[in-house]
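Nothing in this text is a laboratory measurement; each read-out follows from the coordinates by a stated rule. The model shown is predicted, which means the values in this text are computed figures rather than measured ones. We place every Cβ from the backbone using ideal geometry, glycine too, and count neighbours over all the protein chains shown.
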Amino acid sequence: MAPLPINWCNPYAGKGRLRLKGNLHTHTDASQCGRIPITRVLKTYEKMGYGFLSITDHDMVTPAWQQRTKLIIFPGNEIDFNGKHHTCVVQRPGGNIHYTKFSDQKEIVARNYEAGALVTLNHPDWEIEEHYTASHLLHLNPYTGIEIYNSVVERLDGASLSTAKWDRLLDLDKRVLGFANQDFHRLSDAIDCCNVVMVREKIPDAIFNALQTGCFYCYYGVSITDIGRKKDTVFVKTKNAQLIRFVGNGGIIFKKMKGKSGSFNFKDLPEVKYIRVECLGFGEAISWSQPFFRV
Ligand SMILES: [Zn+2]
Ligand SMILES: [Zn+2]
């Protein structure tokens with residue numbers, strides 16, 4: 001199944017009313033670095049009220065769907081290439097993940113992407129020596145997106161936040177989605193940082209389609225109640241933002257608005273190529289939208 005096309009002018013055009021949270025980067029004790037057995041991992045996310053989850057142990061597909069759980073589980077695998085360039089591949093239930101040890105990243109990324117998987121490049125700014133350079137992210141092709149926030153890196157060296165690299169890509173018209181994941185290894189990693197899909201039904205295909213087409217936002221404390229585009233105007237409404245930032249063209253903040261909601265009109269600034277929305281709340285609370293391209 002080929003990947004669904006993305007409406008880059010408005011990734012939220014097909015949104016539904018249901019909001020479901022999910023973490024797409026989760027380790028169990030099947031990974032050498034993970035500590036928690038899968039039953040406990042699933043219970044943890046059920047308790048947090050999540051709707052979906054992908055278990056992405058290193059270089060393997062952990063058969064989570066054999067467990068009893070209320071969560072919708074997408075098979076996943078965090079593939080590395082000689083310890084470098086971690087890549088999460090997440091599939092629809094029953095979908096195939098192509099992986100052979102010691103294979104080439106380009107080949108694995110392309111093969112899985114073309115087979116309709118979500119392919120994300122992980123924690124670009126983890127470690128003092130960055131995990132991915134902007135040039136690597138730019139030249140690898142095709143893939144779904146990058147982790148713009150990976151919360152486990154809060155306790156590691158490097159940076160959790162990779163929106164600066166994302167903006168460099170978007171500015172060069174490299175159109176990729178942003179994901180926020182926990183990279184869960186221990187119970188204390190289960191902090192509420194995730195992807196929120198906007199769907200009509202809680203069924204695997206609806207959730208997966210929303211993830212593949214960008215009909216979701218990255219959540220870390222601010223709830224977006226509505227987001228979209230009417231003609232040239234991008235708008236956002238939230239429950240608890242205190243400031244809305246409209247960012248584009250390689251990281252330029254084109255507009256800031258105090259309050260819970262805001263809008264941006266492409267007609268006001270003809271030089272703006274794309275706009276993405278950052279919703280800032282109390283303390284470190286923030287959420288990030290997907291980008292809206294002018295055309
Ligand atoms: Zn990793
Ligand atoms: Zn990981």
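A simple spin-label model places pseudo-atoms 7 Å from Cα toward Cβ; at Phe282 and Ala2 they are separated by 4.9 nm. Report the one residue of Val295, Thr144, Gly34 whose Cα lies farthest in the direction of the positive end of the charge dipole of the chain (charges on C-beta: Lys and Arg +1, Asp and Glu -1; origin at the Cα centre). Working it through, the farthest residue towards the positive pole turns out to be Val295.
Short to long, the 5 Å bins of the Cα pair-distance histogram for the stretch 224-293 hold 4, 18, 32, 26, 14, 5, 1 percent of all pairs. Length gained on full extension, Ala13 to Trp65: 15.6 nm, using 0.36 nm per residue less the C-alpha separation. Listed from fewest to most Cβ neighbours within 10 Å, the set Tyr45, Tyr220 follows the order Tyr220, Tyr45. For Thr100 and Arg168, a Förster radius of 41 Å and the Cβ-Cβ distance give a FRET efficiency of 0.85, rounded to the nearest 0.05.
Footprinting exposure proxy ranking of Phe266, Phe246, Phe102, Phe216, fewest other C-beta atoms within 10 angstrom first, gives Phe102, Phe266, Phe246, Phe216.
Ranked for footprinting exposure by Cβ neighbours inside 10 Å, fewest first, Phe184, Phe254 give Phe254, Phe184.
A Cβ-based charge dipole, computed about the Cα centre of the chain with Lys and Arg at +1 and Asp and Glu at -1, lands at about 1460 debye.
Each residue, Ile253 and Met48, gets one label point 7 Å from its Cα in the Cβ direction; the gap between the two is 2.8 nm.
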